[in-house]
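Since the structure comes first, as structure tokens, the remarks are kept for the end.
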Amino acid sequence: MFRLRALFFITWGVACWGLSPAAESKLGLDARQMVVCLAADTKSSEGTLQLFHRDAAGQWQADGKPWPVLFGRGGLAWGRGLNPPQPGPQKMGGDRRNPMGLFKIGFAMGYAPKLPDGAKNWPYHQVTDRDAWIDDPALSQYTYNHLITLPPDEPLPGWWEKEHMHLGDSAYQWLVLIEHNYDNPVPEAGNEIFFHVRRGEHYRTAGCTTMKLEDLEHLITWLDPAANPMLAELTQADYARLWKAWHLPPPQG
């Protein structure tokens with residue numbers, strides 16, 4: 001966290017766009033934890049999430065069975081993450097689609113003073129009434145698709161009502177950033193993509209990946225910053241096409 005124009009900025013992790021062939025060939029190799037989210041196809045708004053880790057021999061091992069997750073009511077489209085651009089539908093702001101691709105997993109946020117018991121020193125920010133997530137590209141003095149925290153003595157600006165983060169919403173009691181369009185963000189590509197608590201068993205989202213509270217807390221306590229965890233969120237067909245090139249866990253039978 002660092003100070004910029006009397007604001008605190010949080011950035012964590014780096015995403016890539018437009019990789020060289022050499023860099024593309026190394027996709028996923030640095031990850032020792034992988035979150036795999038799969039959808040039946042790009043029109044799906046429900047899918048599964050499964051956790052994996054690399055063992056001492058560098059082989060992927062499943063950490064438990066998959067659990068259900070919900071995607072955007074618009075389905076899925078290719079996002080801006082670690083992978084190079086892909087053919088097919090592209091994630092756009094307001095399309096209510098989840099971004100597909102390979103992504104860094106960013107810092108967590110929540111209302112509690114600290115993460116759930118058992119969390120492995122994952123970067124965390126407690127949300128207060130001084131926090132906002134910038135989704136208005138007209139606010140060019142700030143970085144689009146990033147969190148800002150106003151110092152206590154800073155007057156609330158006129159745009160605050162539209163940009164400030166919600167408090168007291170049970171769906172947002174924990175948020176884990178999915179770094180779609182996070183590094184060098186492009187406004188038209190969409191923002192505010194998180195793991196968070198689902199609002200209902202079949203309640204579709206506007207582009208986030210949601211799940212039961214206990215599943216999200218398990219994910220948070222599983223994440224290890226030393227293991228460079230990543231998220232692969234894909235359709236089943238795209239996963240079958242890309243898992244070897246991106247060094248992902250083999251498809252589960």
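The values are calculated or read from the model by the stated rules, or taken from the named source; none is laboratory data. Nothing here was measured: the structure is a model prediction, and the numbers come from that model. Note that each Cβ is placed from the backbone with ideal geometry, even for glycine, and that neighbours are counted across all protein chains shown.
Could you list all residues from the range 209-234 that are touching a strand residue (DSSP E or B) at 6+ places or on another chain (Cβ under 9 Å) and surrounded by fewer than 19 Cβ atoms within 10 Å (Cβ to Cβ)?
212, 213, 215, 218, 224, 227, 228
Being in contact with a helix residue (DSSP H, G or I) (Cβ under 9 Å, 6 or more places away or on another chain), within 25 Å of residue 94 (Cβ to Cβ) and of a type outside the set (Ser, Thr, Tyr), is that true of even one residue in the range 231-240? There is at least one residue in the range 231-240 that is in contact with a helix residue (DSSP H, G or I) (Cβ under 9 Å, 6 or more places away or on another chain), within 25 Å of residue 94 (Cβ to Cβ) and of a type outside the set (Ser, Thr, Tyr).
Just one of 141, 126 is at pLDDT 95 or above and on the phi < 0 side of the Ramachandran plot; which is it? Step through it out loud before you land on a result.
Values: 141 fails: at pLDDT 95 or above.
Result: 126 is the single residue among 141, 126 that is at pLDDT 95 or above and on the phi < 0 side of the Ramachandran plot.
Can we say residue 166 is of a type outside the set (Ser, Thr, Tyr), free of Cβ contacts under 8 Å to residues at least 12 places away in the same chain and either surrounded by fewer than 19 Cβ atoms within 10 Å (Cβ to Cβ) or outside any helix (DSSP H, G or I) (or both)? Judged against the criteria, residue 166 is a match.
Of all residues in the range 69-104, exactly one satisfies the criterion of being of a type in the set (A, V, I, L, M, F, W, C), part of a loop (DSSP other than H, G, I, E, B) and within 20 Å of residue 29 (Cβ to Cβ), namely 82. In the range 119-142, what count of residues is obtained for those that are out of contact with any His (no Cβ under 9 Å at 6 or more places or on another chain) and over 27 Å from residue 224 (Cα atoms)? Qualifying residue count for the region: 8. Just wondering, is there one or more residues in the range 144-155 that are farther than 23 Å from residue 197 by Cβ, part of a strand (DSSP E or B) and over 17 Å from the mean Cα position of the chain (by Cα)? Taking every residue of the range 144-155 in turn, at least one turns out to be farther than 23 Å from residue 197 by Cβ, part of a strand (DSSP E or B) and over 17 Å from the mean Cα position of the chain (by Cα). Residue 101 - would you say it is in contact (Cβ under 8 Å) with a residue 12 or more places away in the chain, over 19 Å from residue 49 (Cβ atoms), touching an Asp or Glu at 6+ places or on another chain (Cβ under 9 Å) and of a type in the set (Gly, Ala, Ser)? It is false that residue 101 is in contact (Cβ under 8 Å) with a residue 12 or more places away in the chain, over 19 Å from residue 49 (Cβ atoms), touching an Asp or Glu at 6+ places or on another chain (Cβ under 9 Å) and of a type in the set (Gly, Ala, Ser).
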